[in-house]
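Quick note: the coordinates plus some simple rules give every number you see, no bench work behind them. Since the structure is predicted, the reported quantities are computational estimates derived from the model, not experimental observations. FYI the Cβ positions are ideal-geometry reconstructions off the backbone, even for glycines, and counts take in every protein chain you see.
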Amino acid sequence: MVAAQLAVVVGLALLAAVLFGARAGYSGLAGAAISVVPSFYLAVRMFRQEGGAAAERLLRGIYFGELMKVLLTLALFVIALRLLDLDLVVVGGVYLAGVLVHWLALLFPERTVLTMAMRQATMLDVDKR
C-alpha cells in the first residue's frame, strides 16, 4: 500500500511542478511526505509485531501505532506550513490523494502486501506439515 501511495503522490507532485511551477512541485512533495511518512511508520511498526504475542498486546500496539501516525501527520503539517513557503491547496490535494490511495487499497485486500505475506506464511505452514 505504501509503495502505491508513494507512486501516486510523487507523480502528482511532478505533475504539479510541470503544470504550475516549482513552488507547486515542492508543495506537492511536502504533501506527499506528509501522506507517506506516517503510513510507512505504521507499516514498519506493524511488521515488527511478534507473531506469538497475546491478542490484547497486539491490539494495544495497533492503537498506539495509529495514534503515533495521527500525531506524526499533525506534526509534519505544522512543520511544513510554518517553515516552508507552500501552496496550501497543492499540499492538501496531494495529501488527500495519498489518503485516498490508502483507503482504496483497503477495498482490494487481495492485492496488499500484508495479505500476500499472510498467504505466503500460510503456504509455508502447510509445507511444514
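Considering each residue of segment 48-96, count those that are aromatic (Phe, Trp, Tyr), over 14 Å from the mean Cα position of the chain (by Cα) and under 30 Å from residue 11 (Cα atoms), and give that number.
Of all residues in segment 48-96, those aromatic (Phe, Trp, Tyr) come to 63-64, 77, 95.
Still in the list and also over 14 Å from the mean Cα position of the chain (by Cα): 63-64, 77.
From the residues that got through so far, the ones that are under 30 Å from residue 11 (Cα atoms) too are 77.
So the answer is 1.
Yes/no matrix, rows are residues, columns are (1) part of a helix (DSSP H, G or I); (2) surrounded by 14 or more Cβ atoms within 10 Å (Cβ to Cβ); (3) among the aliphatic types (A, V, I, L, M); (4) touching a Cys at 6+ places or on another chain (Cβ under 6 Å):
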{"residue": "10", "(1), (2), (3), (4)": "yes, yes, yes, no"}
{"residue": "18", "(1), (2), (3), (4)": "yes, no, yes, no"}
{"residue": "29", "(1), (2), (3), (4)": "yes, yes, yes, no"}
{"residue": "33", "(1), (2), (3), (4)": "yes, yes, yes, no"}
{"residue": "39", "(1), (2), (3), (4)": "yes, yes, no, no"}
{"residue": "43", "(1), (2), (3), (4)": "yes, yes, yes, no"}
{"residue": "73", "(1), (2), (3), (4)": "yes, yes, no, no"}
